[in-house]
1. Could you tell me which numbered condition Phe5 fails, if it satisfies all but one of (1) out of contact with any Asp or Glu (no Cβ under 8 Å at 6 or more places or on another chain); (2) crowded, with 16+ Cβ neighbours inside 10 Å; (3) without any contact (Cβ under 8 Å) to a residue 60 or more places away in the chain?
2. Being in a helix (DSSP H, G or I), among the charged types (D, E, K, R) and without any contact (Cβ under 8 Å) to a residue 60 or more places away in the chain: is that true of Lys152 here?
3. For region 16-42, which positions are touching an Asp or Glu at 6+ places or on another chain (Cβ under 7 Å), more than 24 Å from Tyr255 (Cα to Cα) and open to solvent by 50 Å² or more (accessible area, probe 1.4 Å)?
Amino acid sequence: MEKHFSYKSEKQIWRILISGSGKLILETRDLNTKEVFFSCLYLENGENIFCNLQLDEKCWIGIEEIYKDIIFFHYFPKPDMPHHKGIIAFDIASQNILWTNNEFSFLFAGDDKVYGFKQGFEERYFFALDYLSGNLIEEFGSDHKKINALQKTADGKKDWSNYIYPQILKEEMCGKNIFELVKTQTQNLDVAGEIEYNLYNNFLLFNFHSKISEEWLANIFCAVNLKDNSMALTKILNASTKSLFTDSFFVYKNYLFLLCEKDEVMVYKIE
């Protein structure tokens with residue numbers, strides 16, 4: 001298990017996304033100024049495509065979805081209003097905004113279309129736009145059943161088979177051998193909260209919190225080679241925290257992602 005590359009930010013890492021073409025997109029936020037930044041790297045070599053990108057709206061903006069290397073952003077109407085408004089289509093390759101629509105809100109993308117809605121007084125009105133141009137293709141009125149069926153079809157075409165996410169360690173789920181192996185590895189530590197784990201090929205991956213004082217915890221990740229039960233990797237993800245962090249690791253294809261101290265993503269290759 002070799003370290004592939006790492007990305008460290010001066011801001012807090014908010015979201016980690018991967019495009020279908022293997023590009024890593026990171027959303028980071030400055031907790032003081034509330035400004036949001038976006039960076040994009042080639043997953044195969046860790047090289048930057050762009051770094052700390054900001055749009056005209058620097059605070060109340062986020063990512064809806066990445067579809068065919070187009071990032072679809074949304075606005076937040078107000079800081080205290082969590083619903084999304086507007087669609088901004090940003091092309092990763094050219095690093096340009098392809099189109100903007102401030103009238104509609106994003107629902108989903110599929111079959112080279114972006115599906116959105118416009119909020120009426122009492123109901124929503126649905127539309128389909130061309131994903132590259134933003135041109136209106138079809139209107140659905142307030143036909144919820146039609147939109148729900150289209151969204152179900154689009155969701156069914158998404159391939160999540162390359163992702164492995166952590167799950168709670170339970171003997172009835174993981175089996176006695178895995179359960180006992182994790183317990184053996186952590187028996188001399190004062191574990192707090194749940195242990196999260198998953199398996200990839202011949203590796204057992206798990207993450208837990210250990211008490212270092214009455215108030216403080218350490219968040220620790222371990223990878224065990226199941227061929228000989230040797231420790232392939234151990235990493236302190238948070239040296240001192242008062243909170244229990246979940247989902248601190250995941251696997252995409254043969255890449256292991258670790259979120260460290262809220263401001264660094266470490267990527268390892270699992271051979």
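1. (3)
2. Yes, satisfied.
3. none
For (1) surrounded by 14 or more Cβ atoms within 10 Å (Cβ to Cβ); (2) touching a residue at least 24 places away in the same chain (Cβ under 8 Å); (3) out of contact with any helix residue (DSSP H, G or I) (no Cβ under 9 Å at 6 or more places or on another chain), each residue gets a yes or a no:
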{"site": "Gly175", "(1), (2), (3)": "no, no, yes"}
{"site": "Glu180", "(1), (2), (3)": "no, no, no"}
{"site": "Lys183", "(1), (2), (3)": "no, no, yes"}
{"site": "Gln187", "(1), (2), (3)": "no, no, yes"}
{"site": "Asn207", "(1), (2), (3)": "yes, yes, yes"}
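Conditions (1) β-branched (Val, Ile, Thr); (2) touching a strand residue (DSSP E or B) at 6+ places or on another chain (Cβ under 7 Å); (3) modelled with pLDDT under 95; (4) not in a strand (DSSP E or B), marked per residue:
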| position | (1), (2), (3), (4) |
| --- | --- |
| Leu205 | no, yes, no, no |
| His209 | no, yes, no, no |
| Thr234 | yes, yes, no, no |
| Ser243 | no, no, yes, yes |
| Thr246 | yes, yes, yes, yes |
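The values are calculated or read from the model by the stated rules, or taken from the named source; none is laboratory data. Predicted model only: the values in this text are computed from it and were never measured. Don't worry about glycine lacking a Cβ; one is built from the backbone with ideal geometry, like all the others, and counts go over all protein chains shown. Just the protein is used for accessible areas: all its heavy atoms, side chains included, with ligands, DNA and RNA removed. Shrake-Rupley method; radii C 1.70, N 1.55, O 1.52, S 1.80 Å.
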